[in-house]
Amino acid sequence: KEKVEITKEQRTLMKVIVDAYSTHQIPQDVAKKLLQEQYSADENFLLLTEMATSQVQVLVEFTKNIPGFLSLDREDQIALLKGSAVEAMFLRSAQVFSRKMPSGQTEVLEERIRKSGISEEFIIPMFNFYKSIVSLHMVQEEQALLTTITILTPDRPYVKDQQAVERIQETMLELLRKLCVLQRPQEPQYFARLLGRLTELRTLSHYHAEMLTSWRTNDHKFTPLLCEIWDVQ
Ligand SMILES: O=C1N(Cc2ccc(-c3nnn[nH]3)cc2)c2ccc(Br)cc2C12CCN(S(=O)(=O)c1cccs1)CC2
């Protein structure tokens, strides 16, 4: 039986990441607005756009706190942020959505998302992903590390020094592996299941890219930050 223990420096690393993950949250008034009154599809879409913009800002702040990230090549930092923005946002949205929303409100929010002009072909995989995240019952440490691992994916487009990214990602993967063994000794496949979600995330981000094109055709507006990070317009 493998004796697994978290070293002192791994504990410090985990604390830095979890603190950064829980500190940076989107302003709750935005999420609350989505819950308040009944809006039209276009107003719902506008609220989701406002929330996504906050999510990206929160993501950038969180990423800057990942140990080692700021020592990467500057252009690679941008490439990693752009390459992971949608995945990190969906992962975080699923995590926060499930935690933040008292059960009754989840249905309201789900209905608001359904009625925001997002087509059913995207809604279905989106909510399947959401349910698969909820069913894992991840603890905060696992959520923060999984988001970090998503951001530190070496093979994003335009990343020059992939080895440098790989080195940091491997540190996070090893830490998450240990956490999973300690957290769920009776579930040896749990770590693999978490990483399996990252594959599902990539599929979602392809759907998202397709949606962007269709949203653009029926003239949905995005904020400058979303245009920048999502490469639209
Ligand atoms: O908005 C979403 N939500 C609701 C949501 C998200 C975050 C918080 C929150 N509260 N506090 N912190 N975070 C609350 C509700 C949610 C929930 C689960 C999954 Br899976 C995904 C989503 C999206 C992510 C963005 N897209 S999007 O397609 O990129 C798009 C952008 C513009 C218009 S449509 C829509 C679905």
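The values are calculated or read from the model by the stated rules, or taken from the named source; none is laboratory data. All of these numbers come straight from a predicted model, not from anything done at the bench. In this analysis, Cβ positions are derived from the backbone assuming ideal geometry, glycine residues included, and neighbour counts consider all displayed protein chains.
Residue selection: Tyr190 fails the criterion of being away from the ligand (no atom under 16 Å from the Cβ), at positive phi and either touching a helix residue (DSSP H, G or I) at 6+ places or on another chain (Cβ under 8 Å) or among the basic types (Lys, Arg) (or both).
Here is the figure for region 141-192: residues that are farther than 23 Å from Gln95 by Cα, of a type in the set (Val, Ile, Thr) and not in a helix (DSSP H, G or I) total 1. Cβ-Cβ contacts under 8 Å between residues 6 or more apart (or on different chains), taken from a first residue in region 198-216 that is within 22 Å of Leu136 (Cβ to Cβ) and in contact (Cβ under 8 Å) with a residue 40 or more places away in the chain to a second residue that is in a helix (DSSP H, G or I) and among the acidic types (Asp, Glu), are listed as Leu198/Glu87; Leu201/Glu87; Arg202/Glu87; Leu204/Glu87; Ser205/Glu87; Tyr207/Glu121.
The one condition from (1) farther than 29 Å from Pro185 by Cβ; (2) within 11 Å of the ligand (Cβ to nearest atom) that Arg92 does not meet is (1).
Just so you know, in region 3-60 the residues that are more than 12 Å from the ligand (Cβ to nearest atom) and polar (S, T, N, Q) include one that is surrounded by the most Cβ atoms within 10 Å (Cβ to Cβ), and it is Gln10. Please go through region 67-78 and pick out each residue that is in contact (Cβ under 8 Å) with a residue 12 or more places away in the chain and over 20 Å from Thr171 (Cα atoms). Glu75 - this is the single residue of region 67-78 that is in contact (Cβ under 8 Å) with a residue 12 or more places away in the chain and over 20 Å from Thr171 (Cα atoms). Among all residues of region 27-42, there is none that is within 20 Å of Arg99 (Cα to Cα), touching a Leu at 6+ places or on another chain (Cβ under 9 Å) and at pLDDT 90 or above.
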